[in-house]
Amino acid sequence: MGPLVVANWKMNGSEQLLKTVVREVGGLAEATVVLALPAAYLSLPKGFPDTSIEWAGQNVHWLDSGPYTGEVSVGMLAELGVGWCLVGHSERRQHFAETDDLVLAKTKACLELGIRPIVCVGENLQERKAGKALEVVSRQLLAVLNGVPSALAQWIVVAYEPVWAIGTGEEASPEIAQEVHEALKRAARSNIKALELRVLYGGSVNADNASALMRMPDVDGVLVGGASLEAVGFRRLCEQVAGSV
Ligand code: 13P
């Protein structure tokens, strides 16, 4: 599989933006482009049956159904043809009190129905300054890997998103990303033999810094927030990633 570009729109975007983005990046062959849309827009992709773009939820509940107002189940995502879902984004950990246990439950629910979880991990600034970055991200990763059936772990993609780099315009240097990605892959292999974990980098990725990040041997793709909300710039970003192979 080639490099992966996942666009996380967060609570942004519109139907019009979707049309424009599909037009700009829908034909790209050398990279897989996945759009993680707000839940309210996840039925819109049905209008683009021929695009190469793949679709992701930004969040999902861990149960099949029930009295959980406002929530969306994995089965509902699957019914819409959504193939991926972000799990444990730092904004969910921070603003919606998602714990490692909850992230595991959601990851398992996705894997059971064949939706590929993109599990987000990342340290905050205080943890980085205290020299605890690798410890934090390894804990977050192993909380998931220790709890999923090993045969299904190969379907998990991990996104390293240092909290201090999200929406700040201050991306991690390629060297920092490489160090953390390598550590995550090592931790994964020591937990599940021969697991070839794919690790994306996220946090202020744009068309100007994507190439340098992608040149790192253990950066397998990017998770993009703000820079995915402007179609032409996002296409440039995708081309940089596609050109890195
Ligand atoms: P930015 O690219 O806006 O920093 O957001 C990163 C992110 O959180 C993607 O999930």
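The values are calculated or read from the model by the stated rules, or taken from the named source; none is laboratory data. Everything numeric in this text was worked out from a predicted model, so none of it was measured. Here Cβ is always computed from backbone atoms with ideal geometry, including for glycine, and neighbour counts include all displayed protein chains. Just so you know, the surface numbers come from the protein's heavy atoms only, side chains and all, with ligands and any DNA or RNA stripped out. Shrake-Rupley method; radii C 1.70, N 1.55, O 1.52, S 1.80 Å.
Please go through the range 22-116 and write out the trypsin sites (Lys or Arg not before Pro) that DSSP classes as loop and that have at most 15 other C-beta atoms within 10 Å. When the trypsin sites (Lys or Arg not before Pro) of the range 22-116 are filtered for loop state and at most 15 Cβ neighbours within 10 Å, nothing remains.
Remark: the Cα gyration tensor places the range 66-211 in the prolate category, a/c being 1.5 or greater and a/b exceeding b/c. Taking all protein chains into account, the per residue accessible area for the chain stands at 45 Å² (1.4 Å probe). Mind jotting down a quarter of the surface of the convex hull over the alpha carbons of the range 1-146, in square nanometres, one decimal? Taking the Cα atoms of the range 1-146, their convex hull projects to 9.9 nm² on average. Basic side chains Lys and Arg get +1 at the Cβ, acidic Asp and Glu get -1 at the Cβ, and with that the dipole of the range 1-130 about its Cα centre reaches some 220 debye.
Element breakdown for the chain at a 1.4 angstrom probe: carbon and sulfur atoms account for 51% of the accessible area. Once you treat every alpha carbon in the range 111-153 as an equal point and sum by Debye, what is log10 I(q)/I(0) at q = 0.30 Å⁻¹? Result of the Debye calculation: -1.03.
Each of Met76, Met1 has its accessible area taken with a 1.4 Å probe; listed largest first, they run Met1, Met76. Along the chain, the longest continuous region that contains none of the GluC sites (Glu not before Pro) in a DSSP loop with at most 14 other C-beta atoms within 10 Å is 31-169.
Distance between the C-alpha centres of the range 5-79 and the range 98-168: 20 Å, rounded to the whole angstrom. Annotation: amide H of Ala7 within the under-5 Å range of Val34, Leu35, Ala36, Val224, sequence separation 5 or more or interchain, hydrogens built in the peptide plane.
For the range 5-46, the Cα-based Rg and Dmax, in that order, read 10.2, 29 Å. Amide H to amide H distances under 5 Å link Arg116 with Trp84, Cys85, where only residues 5 or more positions off or on other chains count and H is placed in the peptide plane.
Reported value for the chain: 116 Å³ per residue, from the convex hull of its C-alpha atoms. Among the listed pairs Lys19/Lys108; Lys19/Lys46; Lys132/Lys185; Lys10/Lys46; Lys129/Lys193; Lys46/Lys108, those whose Cα-Cα separation exceeds 23 Å are Lys19/Lys108; Lys129/Lys193; Lys46/Lys108. For the range 1-80, chymotrypsin sites (Phe, Trp or Tyr not before Pro) meeting the loop criterion (DSSP other than H, G, I, E, B) and having at most 15 other Cβ atoms within 10 Å: Tyr68. The label point for Glu170 and the one for Trp155, both projected 7 Å from the Cα toward the Cβ, are 3.9 nm apart. Take the Cβ atoms of Ser190 and Ser14, set R0 to 41 Å, and the FRET efficiency comes out at 0.40.
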